[in-house]
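Before any comments, here is the structure.
The values are calculated or read from the model by the stated rules, or taken from the named source; none is laboratory data. As the structure is a computational prediction, the values presented were derived from the model and not from experiment. Note that we place each Cβ from the backbone using ideal geometry, even for glycine, and neighbour counts take in every protein chain shown. Note: areas computed on protein heavy atoms with side chains; ligands, DNA, RNA excluded. Shrake-Rupley method; radii C 1.70, N 1.55, O 1.52, S 1.80 Å.
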Amino acid sequence: SLDFWRLLYTLLQQIHGGKWTESDATDNQIRFVKSALWYHGYGRPELYRLPSDGSAGSRELLLAFSWLLHRLSLLEQLLARNRVKTGDETSVCTCEDGLPDSQKGGTEIAAEYGLEDRVDVRYLQWLSGRLRFQWRSLHAQHQEQCKLLHKIHLFTSGFHMDQILGHFSVTETDLVRQPENYKQLLQLLESETMQLEAFLEWKQLEPVYWQWMETVLDNMAEEGNTCESEDAHVEKTRLPKATSCCPWADSLTGQIDSLSRDLTTLRDQLHELVTHRKAAWCEKVKTREEELRKEGFSATARKTQESVELKLLDLTYLCAPKHTKKHGSCRLVFRSKHPASKTGLGRSVSKEPASAVSAAEVIRELRMREASLERELEQLREECRRRLHEIAEGLDGVICISP
């Protein structure tokens, strides 16, 4: 089980972009694995009950590992992160942010098993300010990187053999300046080829693995049912003993039966009351509809429909086809506003491929998303103001001045 903890630690560290070292303490590794699994939505409570010394839990770790393989496409993510990048790439994402449904109940699990500690609000404010400062620094560094990439692409334009690219990347430019570095690049490419071959071998044997995991799950289910039946048998054997040795058990049972009959009667009365109220409410609704129809119900409905259509126009991009949503890495290719008719090799530059992503299109979609989020934020603020105002009205002797 300890080796399994270390395996999950190294894999999850690579997924989260961190550096792992064997010198890390065992309890720190286990705490990180539990936190990472909770973050990704793993909700099996038996895993979070495992001891922090790594002395038990090999089968639970096997289930967690299989869940990562199936849910997060663990191997595919590792291959994508360890891929040798010979071109200049950037990440593009215009998808909507959202958490999986399995993470909705993760807070209770974290609080129950000690994954979430209480912290001071001032510390959270300090972390927020630090995160904001680092975000601005990262943005400035990214802008500087874009300027340098633009210079490289512009100065090497027309010297690439590939007609679609037409220019060198940073790696290719470095190889031109220092040809002796090609041996290191060749070793990295050979290592990536071995990883891809191992992945292909795994894909051939993957059905056997999942069949074996089905047997593991069946065995665990049988053991769980056995434990439940034993617990139920123990409870059944204890009840007669308690009844025989407690003289007040009979009177308590009679009180429970009486209370059950009273609750049944109350439920029937409530059902009749709800039915009567519902019928009266339907009559009121019909009367109100007739009044609105007399006062110009069609005009009111027309105004409501126009208001809804105006709001829906702001969200039309959400209903766009799925192929417009872009996610993943894209290679940066320089496209001049006035391209030359010929390259340095005497070949004309071909048109952009069909799968190309224009920076102007991505910026436009991101701006639309930003405007939509700002409108949503303003609506939430207005709703919060209204609710605070309603709460303030119920407080006697308190005056609330809105900011």
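Going residue by residue through the range 93-100, is there one that turns out to be outside any strand (DSSP E or B), more than 26 Å from residue 29 (Cα to Cα) and at pLDDT 75 or above?
no
Considering only the range 179-190, I want to know if a residue exists there that is within 33 Å of the chain's Cα centre (by Cα) and at pLDDT 80 or above.
Yes: one or more hits.
So for the range 182-193 (the condition being of a type in the set (Ser, Thr, Tyr), assigned to a helix (DSSP H, G or I) and open to solvent by 80 Å² or more (accessible area, probe 1.4 Å)), does at least one residue qualify?
Yes, the range 182-193 contains a residue that is of a type in the set (Ser, Thr, Tyr), assigned to a helix (DSSP H, G or I) and open to solvent by 80 Å² or more (accessible area, probe 1.4 Å).
Here are some residues: 226, 253, 237, 243. Which one is part of a helix (DSSP H, G or I), modelled with pLDDT under 65, polar (S, T, N, Q) and surrounded by 10 or more Cβ atoms within 10 Å (Cβ to Cβ)?
The conditions single out 243.
Checking the structure you have, find out if any residue of the range 57-78 is out of contact with any Leu (no Cβ under 8 Å at 6 or more places or on another chain), open to solvent by 70 Å² or more (accessible area, probe 1.4 Å) and not in a helix (DSSP H, G or I).
Looking for residues that are out of contact with any Leu (no Cβ under 8 Å at 6 or more places or on another chain), open to solvent by 70 Å² or more (accessible area, probe 1.4 Å) and not in a helix (DSSP H, G or I), one finds none in the range 57-78, hence no.
Can you find a residue in the range 16-29 that is open to solvent by less than 60 Å² (accessible area, probe 1.4 Å), aliphatic (A, V, I, L, M) and part of a helix (DSSP H, G or I)?
Looking for residues that are open to solvent by less than 60 Å² (accessible area, probe 1.4 Å), aliphatic (A, V, I, L, M) and part of a helix (DSSP H, G or I), one finds none in the range 16-29, hence no.
When both residues are 6+ apart or on different chains and their Cβ atoms are under 8 Å apart, which pairs have a first residue that lies in the range 78-89 and is within 19 Å of residue 14 (Cα to Cα), and a second that is outside any helix (DSSP H, G or I) and open to solvent by 50 Å² or more (accessible area, probe 1.4 Å)?
Correct list of pairs: 80/329; 81/17.
I'm trying to understand the selection: among the residues of the range 140-149, which are open to solvent by less than 100 Å² (accessible area, probe 1.4 Å) and farther than 15 Å from residue 334 by Cβ?
140, 142, 143, 144
Just the residues that are of a type in the set (A, V, I, L, M), open to solvent by 40 Å² or more (accessible area, probe 1.4 Å) and not in a helix (DSSP H, G or I), please, taken from the range 150-181.
161, 164
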